Ligand code: HEA
Ligand code: HEA
Ligand code: CUA
Ligand SMILES: [Cu+2]
């Protein structure tokens, strides 16, 4: 089969292709998207369970007051506002603008801490605990799920921030930064329906 | 380099240069050596092989448990096993077969090994996650058996209905172990699902546009999506069960607003798609083998792909057909009857397309094809009994009887195990580099097929004669004895069939004739790689020009060049048309996924005994994950000076 | 195999859907047969076509090169496959409609004259209750044996006292789960006198295998006699043996779990024994109700039904014999 090698053959030269690619061109993006879809599914079913349990119960919320609005609403505000700096450093990441991304990530870490602190206050104002009734259990489960996301995202941000102040800065890091931003969006967007179910459903579906 | 495109050029490659490249690639892609190296491996063929062996070992174990059941049921009012032991045995059998054999084998194992080869890339996307998923699967299975051997095996059936599995009626750790096993297997399945989707969406060989993706790969992608959408159901269901048991939540406690049917809805939201997660890879195998051994492109490619997708969708509208007897409103029952019968249309469509392929092709009867023919016979029977149980009134009679046991063994073994044995015979040369013995192959086929029907056909009749399932024994006067004894005899043949298969594997590995790279003259890209594949899969990444890449290749089919070969670089292509789009790097081997899996296992098992184990275990887990993702200085430095940024971003 | 299966319809017995004893089971049997014949024929046809396809032309020895199928063969195949799918759709539709009709027919609404029976599932026995609107305190409560008047609509109203069980008497109707927190209804009718066997069909733990019951259909007057007998409280023991037996019963743990109306024993952990001797079986269809079995059961139920909720009751021989004599006097 020697001659097959020496005669010229058509090759597809891909050496010019970029290796720092964003969004749908980066496989990390697809990976994160996959994880988001899975987690969204878990949230959706948890909320569905909430409504199912409501449909099976005579009084709602059973013998307790709905969660207090204050802290949950404050956190919702923080979440929504946090999208502004997030969007900013996401765009700068695409330009490879190191200093902006550094600032953005530090902000992300601070915001993370803030939401976690407020979340702690939220948990103390749910007016039920998980052992009391199925209602209490599902409320705590949903909140717990979201807290887990807050925590993981926070750790992720911290690690990435450290990397951005280390000699490891290169194209991939900026891709990571963009992923970090989109994951935060996911955490925020899933919170919106949760906020309405946890805080408003007991008021609207009251019986 | 302003123009960020791939262009076709003519190149003269000398034999020497390609040999040098081969050596170099071998060095770059070689799996690390030594004992530690074994735990660092991340190549999809390595992990894929481990998945196959492990899942099959679980099949053997669960098969032996089945033997124990058949022994106990061979005699009325037998005392060979205590009721408690029998309940553990049938629960272990069902759980292991479904969660540790069927899904891992049909979905994880086969796609991890085959999909990257079939789409023409050098590894699976996220190979470290892949290694992690394997270890989690392995450890989950091992702990389950450990619990079983200390008489703490789960004993509430493979779907552990509440309240029976709840804190009030199942003291001890049995149900907790079951729930955690589910967590282990679902995490690994979900990880592989994401890897498969990304591999197929982004790493296909140039030219493999959507309408050229091999049916097998389509099957695994549809399955991956089903895993992604179905698993959350069982995640929630088993988590709630675990919390009810360990953290005294009240999800399933009717006394304080909990609901026992919530569990069933959540479980079957997953549980029904689950059975198609097991079956679709089976059909994917059948489509592949049928085409190769009919020597023609499979008939009705579009129809087959659409049937797979349709099955994937309809599967999520069927779960209530497992709950017809719970007394849910008649209206909704009718809906689920309709949906359950509708699913027969895509199934039928596939059957008909395959028959058309066979009837218009030149059939070659080799062992893989035999297993496929066996599949037709067994699966169609099972599918038909599926139609029986899809009808609410009929199901109210046969639900939870041996009729259902017959149904699901016909579809599970027909739809998964027969194709699996076919797949083994078919891809064995590719994986091991040696051919299997045809003679022994034929023997194991006939032993298994005959044994199977003797074992399971009488179960239809038993069910119609009123024998409920999950009974550890039955009264002598019930008229069930003879049929049960026939079944138990059939088991012996089944056993021999599997044994002959094992002997065949064992002998072929040593003395089997050396296999060429494409012994069946098949058309799939995996046959372009050596048998067994080199650690880099392909010396020259291929391009594709048709559905059966090798059959349809142009005489001067181009190959891909220009990737850096001093690192594990990959080519990414566009989702729709598979046009080259970018380059990226596969990560190197590392110990961290293994470490992370060990920690996760400790965390899961610990949480059975002390819920706080979750928070404690979180810290080492975080450390392991950071180690996993932390880049080395050389990597960062090298990339920094090579980086080509995507334009117009 | 089809032959084997088609032998099934002839099957008769006390616990099979293929020997209907009432309209509900009969309707279901018809749908079952319709689906059976349609699917059998389709299976045979499909497999025959496949067999011909394989035998038509298969290559011996070497594997031939792949080939292009000529267009009009392909077109003919397409046409055949298309129509096969069409037929499939039609047949499925037929089976679906027949199934809907049956569902509708079997769901006869319980009319006012219907006899109401409450069934409570227990691990691992059935508590049976005949509620009584006029005099709520005069309730018939028994276990594992349901008496119904033939030819009347009976409304079985069920739930569970612990885990999920499933009430299933195949000759009479399909099954219905008994779920904690839910009440399910099953409206049935038995058209001729006789005795049929039912069994729990939802896995409920250790003794799921031994959780059966009998349905006894009687003529109106037989039923009324039975009913009035069951209304009475326990008959006074006559023989000295039996009288001593009652003392044994009341001085042993028995009374902590069982009720015997007319005595101080009134717990509901176990079956009501007021008329236990009138039942044909004991321990939920596990044992024939005779002296030997009763003695064995009372002495050590665990050896007969391991894990059941009745502990062994060690006592000396004549106490035991007298106790059994007393229990057997509870007609
Ligand atoms: C590989 C797994 C697999 C597959 C493919 C199927 C396929 C089907 N199953 Fe099965 N099923 C199980 C695995 C599977 N099942 C398991 C494990 C259980 C029990 C779980 C448990 O309780 O433990 C179960 C239980 C189960 C039930 C609940 C029974 C009960 O518990 O009472 C029902 C009810 O509707 C059902 C229906 C169907 C139907 C309609 C199909 C259809 O998809 C079948 C379609 C195929 C065909 C019909 C044959 C080919 C078609 C043709 C040749 C065309 C012509 C056909 C006609 C004209 C009819 N299945
Ligand atoms: C893919 C899934 C799958 C497979 C392949 C099987 C395979 C078999 N099953 Fe199983 N089965 C289930 C899934 C499966 N089953 C499920 C989900 C249930 C329901 C459980 C529940 O109710 O919760 C069930 C329930 C079930 C029951 C009903 C139990 C009950 O309700 O009381 C029975 C009874 O006979 C049974 C029998 C068998 C037999 C004989 C095989 C045979 O086909 C097995 C064939 C395999 C062998 C014979 C192995 C041979 C082994 C060797 C040769 C080993 C050699 C040794 C070494 C090398 C160390 N199964
Ligand atoms: Cu009660 Cu099974
Ligand atoms: Cu199903």
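Just a few scattered comments:
- Residue selected from segment B:254-266 under the condition within 7 Å of another protein chain (Cβ to nearest Cβ) and farther than 18 Å from residue C:176 by Cα, by the criterion surrounded by the fewest Cβ atoms within 10 Å (Cβ to Cβ): B:256
- Filtered residues of segment B:144-153 (kept if in contact with a helix residue (DSSP H, G or I) (Cβ under 7 Å, 6 or more places away or on another chain) and within 16 Å of residue B:82 (Cβ to Cβ)): B:148, B:152, B:153
Quick grid of which residues meet (1) within 30 Å of residue C:285 (Cα to Cα); (2) over 17 Å from the mean Cα position of the chain (by Cα); (3) within 16 Å of ligand 1 (Cβ to nearest atom):
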position	(1), (2), (3)
B:29	no, yes, no
B:44	no, no, no
B:52	no, no, no
B:64	no, yes, no
B:75	yes, yes, no
B:112	no, no, no
B:119	no, yes, no
B:126	no, yes, no
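- Within segment C:174-220, if we keep just the residues that are on the phi > 0 side of the Ramachandran plot and facing chain B (nearest Cβ under 9 Å), the residue that is nearest to ligand 2 (Cβ to nearest atom) turns out to be C:205.
- Test: residue in segment B:552-570 that is surrounded by 16 or more Cβ atoms within 10 Å (Cβ to Cβ), within 30 Å of the chain's Cα centre (by Cα) and facing chain A (nearest Cβ under 9 Å): yes
- Only residues that are more than 10 Å from ligand 2 (Cβ to nearest atom) and more than 25 Å from residue B:441 (Cα to Cα) were counted across segment B:475-500, and they come to 11.
- Checked against the criterion of being farther than 30 Å from residue C:164 by Cβ and either over 22 Å from the mean Cα position of the chain (by Cα) or surrounded by fewer than 22 Cβ atoms within 10 Å (Cβ to Cβ) (or both), the candidates B:352, B:421 yield just one match: B:352.
- Test: residue in segment B:409-417 that is closer than 30 Å to residue C:32 by Cβ, within 12 Å of chain C (Cβ to nearest Cβ), touching a helix residue (DSSP H, G or I) at 6+ places or on another chain (Cβ under 7 Å) and within 14 Å of ligand 2 (Cβ to nearest atom): yes
- Any hit, segment A:173-193, residues being surrounded by 21 or more Cβ atoms within 10 Å (Cβ to Cβ) and in a loop (DSSP other than H, G, I, E, B): no
- Residue list for segment C:185-224, restricted to those being free of Cβ contacts under 8 Å to residues at least 24 places away in the same chain and within 16 Å of ligand 3 (Cβ to nearest atom): C:203, C:209
- Scanning segment A:118-155 for residues that are outside any helix (DSSP H, G or I), surrounded by 17 or more Cβ atoms within 10 Å (Cβ to Cβ) and within 10 Å of another protein chain (Cβ to nearest Cβ) yields A:130, A:132, A:133.
- With respect to the conditions (1) crowded, with 16+ Cβ neighbours inside 10 Å; (2) over 30 Å from residue A:206 (Cβ atoms); (3) facing chain B (nearest Cβ under 7 Å), residue A:28 lacks only one, and its number is (3).
- Subset tally (residues that are away from ligand 3 (no atom under 12 Å from the Cβ), touching a helix residue (DSSP H, G or I) at 6+ places or on another chain (Cβ under 9 Å) and in a loop (DSSP other than H, G, I, E, B)) for segment C:105-125: 2
- Taking segment C:170-203 as the range and being over 23 Å from residue C:23 (Cα atoms) and within 14 Å of the chain's Cα centre (by Cα) as the test, the residues that pass are C:202, C:203.
- Verdict on residue B:503 being at pLDDT 95 or above, surrounded by fewer than 20 Cβ atoms within 10 Å (Cβ to Cβ) and either within 14 Å of chain C (Cβ to nearest Cβ) or within 14 Å of ligand 2 (Cβ to nearest atom) (or both): yes
- Filter pass, residue C:145 being more than 16 Å from ligand 3 (Cβ to nearest atom), away from chain B (no Cβ under 14 Å) and at pLDDT below 90: no
- Qualifying position, being within 16 Å of ligand 3 (Cβ to nearest atom) and away from every other protein chain (no Cβ under 11 Å), among C:164, C:139, C:153, C:128: C:128
- Segments classed as helices (runs of 4 or more DSSP H), wholly inside segment B:397-467, with at least 1 members that are in contact with a strand residue (DSSP E or B) (Cβ under 7 Å, 6 or more places away or on another chain): B:438-464
- Counting only helices (runs of 4 or more DSSP H) that sit wholly inside segment B:1-94, those with at least 3 residues that are within 30 Å of residue B:573 (Cα to Cα) are B:15-29, B:44-73.
- Any chance residue C:2 is more than 7 Å from chain B (Cβ to nearest Cβ), in contact with a helix residue (DSSP H, G or I) (Cβ under 6 Å, 6 or more places away or on another chain) and either modelled with pLDDT under 95 or surrounded by fewer than 17 Cβ atoms within 10 Å (Cβ to Cβ) (or both): yes
Here is a yes/no grid of residues against (1) away from every other protein chain (no Cβ under 11 Å); (2) closer than 14 Å to residue B:134 by Cα:
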{"position": "B:153", "(1), (2)": "yes, no"}
{"position": "B:159", "(1), (2)": "no, no"}
{"position": "B:164", "(1), (2)": "no, no"}
{"position": "B:169", "(1), (2)": "no, no"}
{"position": "B:175", "(1), (2)": "yes, no"}
{"position": "B:178", "(1), (2)": "yes, no"}
{"position": "B:185", "(1), (2)": "yes, yes"}
{"position": "B:189", "(1), (2)": "no, yes"}
{"position": "B:193", "(1), (2)": "no, yes"}
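- Any hit, segment C:309-324, residues being out of contact with any helix residue (DSSP H, G or I) (no Cβ under 9 Å at 6 or more places or on another chain), surrounded by fewer than 19 Cβ atoms within 10 Å (Cβ to Cβ) and farther than 24 Å from residue B:76 by Cα: yes
The values are calculated or read from the model by the stated rules, or taken from the named source; none is laboratory data. Because the structure is predicted, anything quoted here is derived from the model rather than measured. In this analysis, Cβ positions are derived from the backbone assuming ideal geometry, glycine residues included, and neighbour counts consider all displayed protein chains.
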